[in-house]
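Before any comments, here is the structure.
The values are calculated or read from the model by the stated rules, or taken from the named source; none is laboratory data. Quick caveat: nothing in here was measured; it's all calculated off a predicted structure. No Cβ is skipped: glycine too gets one built from the backbone with ideal geometry, and neighbour counts run over all protein chains shown. Surface accessibility is based on the protein's heavy atoms, side chains included, excluding ligands, DNA and RNA. Shrake-Rupley method; radii C 1.70, N 1.55, O 1.52, S 1.80 Å.
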Amino acid sequence: MSYLEAIKVAFLTFPFLAFLFTIPFILWQYHKYGSINKLRVLIIYSFILYMISVYFLAIFPLPERDSIDMNSPVSQLIPFAFIMDIIKESAEIKNIGMFFLNSSVYTVLFNILMFMPFGMYLRYYFKNDLKKTVIFSFLFSLFLELTQLTGLYFIYPHPYRLFDVDDLMINTLGGIIGYLVMGIFMKFLPSRDNIDSKSFEEGKKVSGLRRITRFGLDAFLWLIFTGVLSSLINVNHIALISLIIYYVIIPFIFDGQTLGSKFLNMRLMFPNKRLLRLFLRLVLIFLYYVVIPFGLGLLFIFVIKHFSIPNVLVFVIGAIYVLLLGIFYLVNVTNIFKRKILFYDRVLNGEYVSTIGEDDLKEDEKEE
């Protein structure tokens, strides 16, 4: 497998790993900044793709187990041995073009280029100094070399690639060069501090995606809470009890914050009578999203069971019901994305506000 083929596999693998990473990433961004900065998304996901590519370049091509030479050397521990290799292979080279086509030369250049982005990311986004860049570049290279030395973590009975001390030095050099080169590009790019400041500023408003994320997180935490509560208390209607505790009692105690909204730095504000409004809001939401839509479905099933209706008509009405149900939820999700105030919040004068910057505001008030 060539270098390009290894990178191709990395690109094919990236969407699956990115999908697994996305939910934790969204949760952490809203927890820390209250928003998701587009430039930060580009940087982080490109860094993930880069790391996957480097890893695959280190382990591919994977050989057949039977084809591995069990007597082949496993390590090269003589520093700067690559220089002697270049000299030996360059003895008969007559022009500079052929020199760079020398396998010993382009392998060294490739290892340097492979680690240059690592140094660039470390300096620009992770704000590492030169010393830390050297350490992390060396450790990353060591991780790749140990992966090879262990035969891909002992999956293979013998290493199929050489542990080379020169690769440790060359890769680390690549990280250093990347660090130095990034100093030039940083003059034209927004700094990490600027990205953070813009993220905090955007986080002072509650976006639609943030509200939907809160809904998903709270639903997940409520299910866990219900399971724990049902294991401790053996009573009827435990789901309803946990629903009221989680979405009414807890937000009342914590000034309009559920556990999910507290983690995502937002709260639901009411002008007065917060406990009553929280309860009424829960009732309205349950009626609006659950009882009415699915109640119509149950009514349709009841009619089918008790009245003689042609199968064709049953299919048509059922298809229309499913279509309208999908449109109903899609319209509401779209309205949330557009940051529209839905009817139950409009009726109860409820509004989601961001708690980003509240600590700074409290500190300013104390100083005054």
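Worth a mention:
- Rounded to the nearest 500, the 222 nm mean residue ellipticity of the chain from helices alone is -22500 deg cm²/dmol, with -39,500 (n - 2.57) taken per DSSP H run of at least 4 residues.
- For the listed residue pairs Lys127/Lys338; Lys198/Lys262; Lys187/Lys262, the alpha carbons are over 27 angstrom apart in Lys127/Lys338; Lys187/Lys262.
- Positive-end ranking of Leu109, Pro271, Tyr33 along the dipole of the chain, with charges on Cβ about the Cα centre, is headed by Pro271.
- Of the DSSP H helices in the chain, those whose Cα atoms cover at least 24 Å axially and whose Kyte score averages 0.0 or more: 3-32, 38-59, 103-124, 130-149, 165-185, 208-232, 311-337
- Prolate/oblate/rounded call for region 182-261, Cα gyration tensor, a/c under 1.5 rounded: prolate
- The chain, relative contact order in percent, only Cα pairs under 8 angstrom and at least six apart counted: 19 percent
- Accessible surface area normalised per residue over region 1-83 is 61 Å², counting heavy atoms of protein chains with a 1.4 Å rolling probe.
- Here the chain exposes an accessible surface that is 72 percent carbon and sulfur, computed with a 1.4 Å probe and the other protein chains kept in place.
- Listed pairs Lys204/Lys273; Lys32/Lys131; Lys32/Lys340; Lys38/Lys205; Lys32/Lys205 exceeding 22 Å between Cα atoms: Lys204/Lys273; Lys32/Lys131; Lys32/Lys340
- Surface per residue (accessible, 1.4 Å probe) for region 241-368, Å²: 66 Å²
- Identified option (computed Cα extents along the principal axes in Å; candidates [x] 57, 46, 33; [y] 75, 60, 42; [z] 91, 72, 43): [z]
- Within-14-Å neighbourhood charge of Leu348 [Cβ basis; K, R +1; D, E -1]: +3
- Max mean-square fluctuation residue, GNM over the chain, Cα-Cα springs under 10 Å, options Leu243, Leu39, Leu298: Leu298
- Angstrom value of the Kirkwood radius, inverse mean 1/r, which spans all Cα pairs in region 1-62: 12.6 Å
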